[in-house]
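The structure under discussion appears below in the form of structure tokens.
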Amino acid sequence: MTDTTTHRRCPAHIPGDIARHADDDFHSVYTHLRHDHPVYHDSDLELWVVSRHDDIAEVLRDREHAYTPAHSYDPIQPMDPEASRIYTAVHDVPVAASTDPPIHTRYRNALTAVWPTSATRLAPWQPRIESRAREAAEAFAARPDRFGELFADYVQPLTMRVMSDLIGVTPHEEQCVIDGSSGMSDLLWSFQQPIDQRRCAQAVVEQWKLCTDLVSRYRADPQANLTTAWTTYRDADGTPLTDAEIASTLMEVLTTNTETLALLITTALRHLLTGDGYRHLTHHPERACTAIEETLRVDPPLIGWLRTTRHPVTLAGVELPRDARLLLLMHSGARDEVHGTAEPHSFDYQRDDIPPTLVFGAGDHYCPGALYTRFVAQHALTALAEALPNLTLTAEAPAPRLANLLLRRATRLTVTW
């Protein structure tokens, strides 16, 4: 057992401190919590914090229907009144990740019927994705100063362009998606000043307007994209989706993929470039798959998620009241000793003992985008390694990550070649 009296940082004894759980000391903090405080209440944030893999899995799989995702998109800090007024336009927009059956069933059926959830459905998009990755890598390599920033200059343009191909977003609309997606995660799960809350809320509203415009555009002028496919989708009984339902589906896939996919690729590149992994990848591109899985394990983009109890529940021997909001520490669960992973805090791009990840959820809410995310991420790595085999990090220290309760925010990584 870890001695709580000598541990220099115990979030269970410091209200609000868990907001910093992605800081540099997270290895020992997570281990400490799993051993001594697997479920505890943070009185400052009004959250019950869950740190062990098996407990997180129990909540996500929810075989007893004890938990709801309904409040996943409620802010974790009090919202500025003006920001709240702006955000009202989208606050009650339902999405698959924050609804229960039967609404969730309807949204999920529509998602899985159209989104490339299987190898068969992804196959028609593979040449386009591979081509986009090569184009982005070659454009990055052609920079005359042989210098760039990975997230802003390579990863985000690539992932946004691929998503735009699927959805039908035009190049001049991409910044709206980027601003709205980052704005939503910062507004809901970061700690901001009122002026920043208002800016983020307005960015989210602008993205919602874009989603409604996309539905109207492709109803009137069908194209070979997923938005058009959702306009023609019908439930088993023949019921179509409404324009608002399609727009909310677009909102969900744009916000989740724009943020998490770019974060995953950037983090994988940081780990590979820090050691000898990137150089190895240039000769063994098949290792990209393992590198992505290892990144999902050791440093996932989604470091936490939220659930709320429907009624009193006992979890890890702790009595939780009804309407208790749970913070599931996905990052901690991925490093849990229960996996038996050798040297769990080390990034090993050749690891053969990677346990199954919970980053994509579990049960009814397992992420339909898991296959797509892995495919794009792997090709982003291999395309860059092929175009720039001599890529190296500069001596400039990575910029500190902004605090966010649920997302591993992007680190500024400058590179040269």
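The values are calculated or read from the model by the stated rules, or taken from the named source; none is laboratory data. Bear in mind the structure is a predicted one, so any value in this text is a computation, not a measurement. All Cβ positions, glycine included, derive from the backbone under ideal geometry; neighbour counts span all protein chains shown. Just the protein is used for accessible areas: all its heavy atoms, side chains included, with ligands, DNA and RNA removed. Shrake-Rupley method; radii C 1.70, N 1.55, O 1.52, S 1.80 Å.
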Cα gyration tensor, region 66-195 - rounded (a/c under 1.5), prolate or oblate: oblate
Placing unit charges on C-beta atoms (Lys and Arg positive, Asp and Glu negative, everything else neutral), compute the dipole magnitude of the chain about its Cα centre in debye, rounded to 20. 580 debye
Relative contact order of region 266-417, defined on C-alpha pairs under 8 angstrom at six or more residues apart (%): 30 percent
Output ³J(HN,Hα) for region 295-304: one whole-Hz value per residue in order, computed from phi by the Karplus curve 6.51 cos²θ - 1.76 cosθ + 1.60 with θ = phi - 60°, and x for Gly and Pro. 5, 4, 7, 8, 7, x, x, 9, 8, x
Amide hydrogen neighbours beyond the local backbone of Tyr40, cut-off 5 Å, H modeled: Val49
Sequence order, region 383-390: Karplus ³J(HN,Hα) from phi using 6.51 cos²θ - 1.76 cosθ + 1.60, θ = phi - 60°, Hz rounded, Gly and Pro as x, gives 5, 5, 5, 6, 6, 9, x, 9
Exposure ranking of Met184, Met79 by accessible area [1.4 Å probe, largest first]: Met79, Met184
Suppose the Debye formula is applied to equal point scatterers at every Cα of the chain; what is log10 I(q)/I(0) at q = 0.08, 0.15 Å⁻¹? -0.43, -1.59
Could you please state how large a percent of the accessible area of the chain is carbon and sulfur, counting protein chains only and using a 1.4 Å probe? 53 percent
Judged on accessible area alone, 1.4 Å probe, highest first, Cys10, Cys367 line up as Cys367, Cys10
Longest the chain segment clear of GluC sites (Glu not before Pro) sitting in DSSP loops (not H, G, I, E or B) with at most 13 other Cβ atoms within 10 Å runs 65-395
Amide H of His311: which non-local residues (sequence gap of 5 or more, or other chain) have their own amide H closer than 5 Å, using H built in the peptide plane? Asp323
What is the local net charge at Asp276, summed over the other residues whose Cβ is closer than 13 Å to its Cβ (Lys, Arg +1; Asp, Glu -1)? +1
What are the principal axis extents of the Cα atoms in region 11-85, in Å, biggest first? 42, 34, 20
Count charges around His71 for me, please; just the other residues with Cβ under 13 Å from its Cβ, Lys/Arg as +1, Asp/Glu as -1. -1
Shape of region 352-415, Cα gyration tensor, a/c cut at 1.5: oblate
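Cβ under 15 Å from Glu343's Cβ, Glu343 left aside: what net charge do those residues give with Lys, Arg +1 and Asp, Glu -1?
In short, -4.
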Can you list the HN-Hα couplings for region 219-232, worked out from phi with the Karplus curve (6.51, -1.76, 1.60; θ = phi - 60°), rounded to whole Hz and with x for Gly and Pro? 6, 6, 9, x, 9, 7, 9, 6, 4, 4, 4, 6, 5, 9
Springs between alpha-carbon pairs under 10 angstrom, Gaussian network model over the chain: which of Leu111, Leu358, Leu122 fluctuates most? Leu122
If you look at just the Cα atoms of region 180-262, how large are its Rg and its Dmax in Å? 14.9, 48
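Which sequence of Cys289, Cys211, Cys176 reflects their accessible areas, 1.4 Å probe, from the largest down?
Listed by decreasing accessible area, they come as Cys289, Cys176, Cys211.
When a/c is below 1.5 the answer is rounded, else prolate if a/b is larger than b/c, else oblate, so apply that to region 219-372 with a ≥ b ≥ c taken from the square roots of the Cα gyration tensor eigenvalues.
Values: a/c = 2.78, a/b = 1.23, b/c = 2.25.
In terms of gyration-tensor shape, oblate.
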Volume per residue, Å³, of the convex hull around the alpha-carbon atoms of region 1-160? 223 Å³
Report, by chain and number, residues whose modeled amide H sits under 5 Å from the one on Thr394, excluding near sequence neighbours (fewer than 5 apart, same chain). Thr414, Val415, Thr416
What distance in nm lies between label points placed 7 Å from Cα along the C-beta direction at Arg322 and Ile14? 3.6 nm
